[in-house]
Amino acid sequence: MLQNKLLRSWLLFALGALLLANLMALVLVFLKLPILSVGLPLQSWFARTLVLHVDLSILIWALSVVALIWLLHIPQRLQILDRVAMGLMFVSGASMLLSVLFGQGQPLLSNYIPVLDAPSYLFSLGGFVLAISIITLARVSVISSKWDQLPLSKKMFLLALWAFIATVSVQLIAWWTLAPLVLNLQRAEQLFWGAGHSLQAVYLCMLLGGWFYLLERSGVSLALIARLARHRIVIISVFSVIFTPLVISLAWAPDDPLYRQAFSIWMRLFSLPVLGVMSMLIWQLLGCSRQGLETSCLWRVSAVGLSMLLFFLGVVLGAMIRGDSLMVPAHYHATTGAVNLIFMAVIYDLLTAAKIEGSLQWQLKMYAAGVVLMVMGLAFSGVMGASRKLAASHEVTAYPAEMAAIVLMGIGAAIGLIASFWFVIYAFRSLLAPGYGSSQISVSKVMS
């Protein structure tokens with residue numbers, strides 16, 4: 001009973017973070033409108049809102065779901081550690097919001113992890129990462145010795161756990177190397193560059209794990225990929241790639257240009273195996289479509305397909321990046337959209353048991369459509385040279401094509417946000433509805 005309450009509380013926290021991230025996204029879209037007065041302090045509002053939106057969505061919401069999946073699929077005996085992590089998570093989340101509400105610190109819009117230059121905000125983020133680290137370290141030795149017997153999804157969730165350990169190690173090395181540290185934009189960029197890249201490996205492992213999990217639940221055979229995953233050379237190669245960020249951090253200092261270049265190259269190369277797995281999955285799904293699947297399972301396959309589409313779009317846009325334009329957020333909104341959609345689908349599977357309402361299938365499709373339209377608008381703006389991280393008063397929209405790209409971005413953002421709010425409302429109602437039994441969220445057996 002206690003474990004089920006823990007899981008529900010953890011999911012409520014994750015949903016709360018996503019809700020706040022969506023509200024911040026609404027403010028960002030509003031501040032991007034070119035009709036706003038230039039006499040207002042738009043850039044100051046925009047920067048602080050952007051920090052909160054990115055940290056809530058990329059860190060708090062996403063890592064909370066990652067930890068929830070670990071709690072579900074990699075159980076361990078020391079329940080007290082999970083309860084301590086949950087308490088620390090709620091305290092750090094509340095402290096972070098208070099830092100923003102009281103206007104503490106200047107926003108530093110560093111890539112991947114923007115922050116406020118305020119001790120309370122930085123300690124809050126550190127407290128949240130510590131909470132996730134407690135969940136991680138309590139599970140390091142669990143099921144590692146039973147690798148060959150695990151389904152593919154659990155293998156990927158375990159790899160994500162090790163990738164998170166590598167990410168925290170990279171961040172600690174950066175702190176140690178740059179200390180004593182006076183934080184400014186340049187220093188923040190150096191401080192979070194390595195860990196920000198390494199964190200993407202955690203999400204890509206979880207993305208693959210989510211694909212495998214939903215397909216396993218649908219009865220799709222993954223025999224070909226499973227055979228590959230058992231080869232020793234494949235296992236060694238995967239772990240080598242995951243711990244490459246640690247090698248880079250030990251080889252170069254964060255303020256060395258080679259450090260930045262090495263992480264950029266590593267991140268590009270990391271996407272290639274994911275594309276390879278995706279192509280094998282598509283081939284497998286084409287074979288399954290001829291055999292036919294149960295109607296109740298099709299929504300899971302559809303969710304995987306939509307996520308694959310978003311990820312592929314993100315990779316293509318990433319290859320088109322030339323300079324620091326809106327093509328960059330177009331790339332990462334597509335890839336993070338792929339991860340978010342899979343997280344939504346996994347949570348639906350958790351809350352609705354075997355059957356999902358037809359309207360929720362439309363929610364996933366609506367979210368995917370919104371992300372596609374938004375990233376295309378961002379990409380078109382980037383091609384025309386629009387700058388990142390600036391409010392409307394700093395933009396020049398002299399041509400109809402520029403206005404059309406902004407409108408496309410706004411329409412896509414609106415559709416995606418409506419779909420995201422739809423998901424949050426449904427999940428909250430499911431968790432808080434009278435009579436919702438604690439047995440509906442239960443810990444999966446490791447060897448199931």
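The values are calculated or read from the model by the stated rules, or taken from the named source; none is laboratory data. Everything numeric here is computed off the predicted structure, so don't read it as measured data. Cβ atoms come from the backbone with ideal geometry, glycine included; neighbour counts cover every protein chain shown. Please note that ligands, DNA and RNA were not included when accessible areas were found on the heavy atoms of the full protein model with its side chains. Shrake-Rupley method; radii C 1.70, N 1.55, O 1.52, S 1.80 Å.
Could you pull out the residue among ILE265, ILE282, ILE233 that is surrounded by fewer than 17 Cβ atoms within 10 Å (Cβ to Cβ) and more than 25 Å from the chain's Cα centre (by Cα)?
ILE233
Hey, can you tell me all the residues within region 378-402 that are assigned to a helix (DSSP H, G or I) and either touching a helix residue (DSSP H, G or I) at 6+ places or on another chain (Cβ under 6 Å) or at pLDDT below 75 (or both)?
LEU378, ALA379, PHE380, SER381, GLY382, ALA392, SER393, HIS394, PRO400, ALA401, GLU402
Identify the residue in region 120-158 that is outside any helix (DSSP H, G or I) and not hydrophobic (A, V, I, L, M, F, W, C) and, among all such residues, is surrounded by the most Cβ atoms within 10 Å (Cβ to Cβ).
ARG139
For the structure I just gave you, tell me whether PRO119 is modelled with pLDDT under 90, touching a Lys or Arg at 6+ places or on another chain (Cβ under 8 Å) and within 28 Å of ARG48 (Cβ to Cβ).
When the stated conditions are applied, PRO119 does not pass them.
Quick check on my filter: what residues within region 47-89 are over 16 Å from ILE132 (Cβ atoms), touching a residue at least 12 places away in the same chain (Cβ under 8 Å) and assigned to a helix (DSSP H, G or I)?
Across region 47-89, the qualifying residues are ALA47, ARG48, THR49, LEU50, VAL51, LEU52, HIS53, VAL54, GLN79.
Just to be sure before I move on: is SER133 among the polar types (S, T, N, Q) and either under 16 Å from VAL51 (Cβ atoms) or in contact with a Leu (Cβ under 7 Å, 6 or more places away or on another chain) (or both) in the structure I sent?
The answer is no for SER133.
Collect the residues in region 75-90 that are within 14 Å of TRP10 (Cβ to Cβ) and aliphatic (A, V, I, L, M), keeping them in residue-number order.
The answer is LEU81, VAL84, ALA85, MET86, LEU88, MET89.
Checking LEU417 against (1) open to solvent by less than 10 Å² (accessible area, probe 1.4 Å); (2) modelled with pLDDT of 60 or more: exactly one of these is not met. Which one?
(1)
So which helices (runs of 4 or more DSSP H) are wholly in region 186-252 and hold at least 1 residues that are small (Gly, Ala, Ser) and within 13 Å of PHE270 (Cβ to Cβ)?
Qualifying helices (runs of 4 or more DSSP H): 232-242.
Against the condition touching a strand residue (DSSP E or B) at 6+ places or on another chain (Cβ under 9 Å) and open to solvent by less than 20 Å² (accessible area, probe 1.4 Å), how does LEU161 come out, does it pass?
no
Identify all residues within region 236-262 that are in contact (Cβ under 8 Å) with a residue 60 or more places away in the chain and open to solvent by 20 Å² or more (accessible area, probe 1.4 Å); write none if there are none.
If the condition is that a residue be in contact (Cβ under 8 Å) with a residue 60 or more places away in the chain and open to solvent by 20 Å² or more (accessible area, probe 1.4 Å), then VAL238, PHE239, PHE243, LEU246, LEU250, ALA253, ASP255, ARG260 are the ones that fit.
Just give me the residues in region 338-361 being farther than 20 Å from GLY416 by Cβ and at pLDDT 70 or above, in sequence order.
ASP349, LEU350, LEU351, THR352
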